Amino acid sequence: MVTSIPPRAGSALAFRVRKELLARASVAMTSLLNVVRERLLAVMDEAAPSREKQLRRDAWMAYQKQNNRWLDGVLKAWQNALMAPPVARPSALSLAGGFELIGTEVVENKIVASRMALGLMEIAATEVNDLRTRLKAINAGRELTSHDIVHPETLFLSVVAQWTESGMPREAWPLVNDVVQRHLFEPLKAAYAEGNALLVQQGVLPVIEFNTNVTPSGFSPSNFDRASADSGAGASPHGSARPAARGYPQNNGQSMRGGSAQGPGSHGLAAGLSAYWRGSRAQGLIDQIGRLLVGTAPSSAGAPLSGGAPSAGHAPGMYGAPMASGAMDGVPMGGAFGIQPGGPSAPLMTALAQLPMLGDAYYSNQPGAVYQVAAPMLVQRVAEQMRQQSAEVKSKAGTDAEKAIVELVALMFQSILEEDRIPTGIRVWFARLQMPVLRMALAEPDFFTKLDHPTRQLIDHMGSCVLGFDASGISSAALEVEVKRIVQVIEQYPETGVRVYQRVYEEFQLFLKKHLTQKPTTQKVVGVAERVEQKETLTIQYTIELRNQIKDMPVRDEIREFLYKVWAEVLAVSAVRQGPQHEETLLLKKTASDLIWAASAKPNRADRARVISDLPDLLQCLRSGLTLLNVAQPVQEAHIKAISAILVEAFMSKTQAIADDQIQALAARLAHLEDYVTDDGTEELPLDADSIEELLGIDASGLEVITQGGGTATPIMLEWARDLDLGVWFVLNFNGQEAQVQYVWRSPLGHLHLFASNLGRSYLIQTVRVAAYLQTGLLEPQERESLTLRATRNALGKIEANPERLLA
């Protein structure tokens, strides 16, 4: 919600925010001069080759003369950016999808500035993105210009560019890069936070809400035509969208990492949370791709993972022209990534259609049989054929943007093929996805800007399972067969775009749900865990319902406590062991209503006679229930003695008795207690590892129940914990020892999670404890980056090292 601010007042407020941001940055920049001077002086005393020593001496001498010129240049550039129009207006060139080359020096400056901005976003992503969101809000939702001073890239580009403009040697920048960042980051973070505080005081978006979309239903290969028709001509092909993850815990500098959505319908929130653990480095990477391909940061289709609005409009990229400003419903307009509204060029798509699949000779009918002997040679041959195919397709590209996309996808899959921690058989099947993914990326370039894109989710999830799967419950053969099936389904439907990836991703999740628990020891633990969850959940539910039923009845406090703390658990154990409608369970439910009646006042002779008659059976049922809980004999006797004393007092009491119809209604409701209870999933189950075997009569050896540690998790961490991906590997720190564990099972009610170690131990953890462990770093995903994110980073590194290859 934004307080109504007149346009003129809004412009004045926005200018004030930018001016104060610049003032703080200017103070930090001024004090930076001495820091850089000390750094250059220090490096001259460090050991280095003679040529390097000469460079350091030259840098020191030049800095002595030019440092004030550098400062003046930076402040002037910032002032020019401050005075520039704050709202983007599409130029004729951008609307026409124009394309331009820019100088190597400019490209290098932007790369350095982008990396610096990336570092700032790692510690201040929320502050930066919130400020951009609020400034956009008070400007009627219009995008900010690429040179807006609020963009970290704009601030740092001036710092880097003016270094050489002032006469400093470009080669000397790496000597001071680290100290410049360390000195500027914290003041800039504080400056962005102050800007947000000022806008919030003026009523501008006090709370920035989540913005999740609903994932459309998928299709199966057998009914693809019907599913395509059902999706509608105007349906978005992109599936899920990521929330802005506002308010995500910062964890005092701890990294927070996790998985993505578990199933259909939950992709939005889960993908946003799982993406967040990758940090703002991922968003910086996305921005870099956007500038590389179109010369502007991604639109709202690629909303920042770290929260806040996308950085709208950045400086033109290496080879791109600005994209037309504005987007419809979060989807970039037709000019996205330089691809025209009509889609990729016909010759390019024809070339893709005519390409043969990677040679079947590379794929054995017996998974894993050939790869152990010939893995290096096999990978080399597959890599060569992939390069040949990419070169052939690239030669048919009609625009530079198409060439860039072909090259970027090729380098990504080259990186995946070189990932030697993935078994060779899986890697060569991944390689076969290169051309289908390229076809999809050309048609839907938001593949590059959305980490929750179904194509990325599929490859990332498969990759996260195989990076360490030898110790898991999935055999290499079973997993390879599933990957093979998925690749063949995708190849079978080349024209279906993102929907086929969405569907096979859901099928892969079902595969994991089934196969991760196939190992006999895991099945045994899962059986225990399911019964534990059922018993503990029923205990809570029965307690709540008992409270509701007798809250208005004249029942002694001692009887209430016994029913809530003891008898509700008796009912739960009996329901789990024998069933909720078993004869013995029904008798124990009836015992609850009988006890309530017997402990109430008995003013007439008939009631007292009935109590005397029924008392032996009532006490016997109470003893049976306590025995079912394995309550020690002295404790049983203490309960029976206390209850007997209360019954004696009630027998002599002349106060008002509980009406018979109330008792009958209570008995009827308790008999079908399961029909009335609900579960909101917010209470932590009081698990007790020592009593699982005794209560449920089953062997729980090999199972560790984690009930302590991690503190209290935030609500958003709970959402993250509920949506972890099955099959993902984690490092668990429990009792001071680390264990490599795989997430293998989520209970039907979502309360319990099972992690299996590669040493045969299993760890049963409740959702609230999983969230707490994730929040404090006691449970961390083994991979800090997803497979496609790492591949993209490697691809961009190769492009930065040799930019000419992009259009070659």
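The values are calculated or read from the model by the stated rules, or taken from the named source; none is laboratory data. Note that the structure is predicted; figures quoted are calculated from it, not measured. Here the Cβ positions follow ideal geometry from the backbone for every residue, glycine too, while neighbour counts run over all protein chains shown. These area figures cover heavy atoms from the full protein model, side chains too; ligands, DNA and RNA do not enter into them. Shrake-Rupley method; radii C 1.70, N 1.55, O 1.52, S 1.80 Å.
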Worksheet item: How much length is gained if the chain between residue 712 and residue 613 is pulled fully straight, taking 0.36 nm per residue apart and subtracting their Cα-Cα distance, in nm to one decimal?
Response: 30.5 nm
Worksheet item: Kirkwood Rh over Cα pairs of region 113-157 into Stokes-Einstein at 37 °C, 0.692 mPa s: D in µm²/s?
Response: 302 µm²/s
Worksheet item: residue 589: which lysines have alpha carbons under 20 Å from its alpha carbon, excluding same-chain residues fewer than 8 sequence positions away?
Response: 535, 551, 565
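With all distinct Cα pairs included, what does the Kirkwood hydrodynamic radius of region 521-572 come out to in Å, to one decimal, could you say?
For region 521-572, the Kirkwood estimate is 12.1 Å.
Which translational diffusion coefficient, to the nearest whole µm²/s, is obtained for region 14-80 from the Stokes-Einstein equation, given a Kirkwood hydrodynamic radius over C-alpha pairs, 10 °C and 1.306 mPa s?
117 µm²/s
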Item to complete: Report, in cubic angstrom per residue, the convex hull volume of the C-alpha atoms of region 380-503.
Response: 103 Å³
Worksheet, complete the sentence: Loop-resident trypsin sites (Lys or Arg not before Pro) in region 569-673 with no more than 12 other Cβ atoms inside 10 Å, DSSP not H/G/I/E/B, are 654
Worksheet, complete the sentence: Given all pairs of distinct Cα atoms, region 141-192 yields a Kirkwood Rh in Å of 12.5 Å
Response to the item:
Expressed in angstrom and ordered largest first, the alpha-carbon extents of region 489-598 along the principal axes are 73, 33, 21
Worksheet entry | Per-residue HN-Hα couplings for region 612-624 [Karplus 6.51, -1.76, 1.60; θ = phi - 60°; Hz; x = Gly/Pro] | 4, 5, 8, 4, x, 5, 4, 5, 5, 5, 5, 5, 4
Discussion item. Probe of 1.4 angstrom, ligands and nucleic acids ignored: what's the accessible area per residue over region 400-467, in square angstrom?
Written reply: 16 Å²
Response to the item:
Here D for region 386-436, in µm²/s, from Stokes-Einstein with a Kirkwood Rh over Cα pairs at 10 °C and 1.306 mPa s, works out to 139 µm²/s
Worksheet item: Looking at this model, which pairs from 110/396; 189/798; 136/189; 19/189 are more than 23 angstrom apart at the alpha-carbon?
Response: 110/396; 189/798
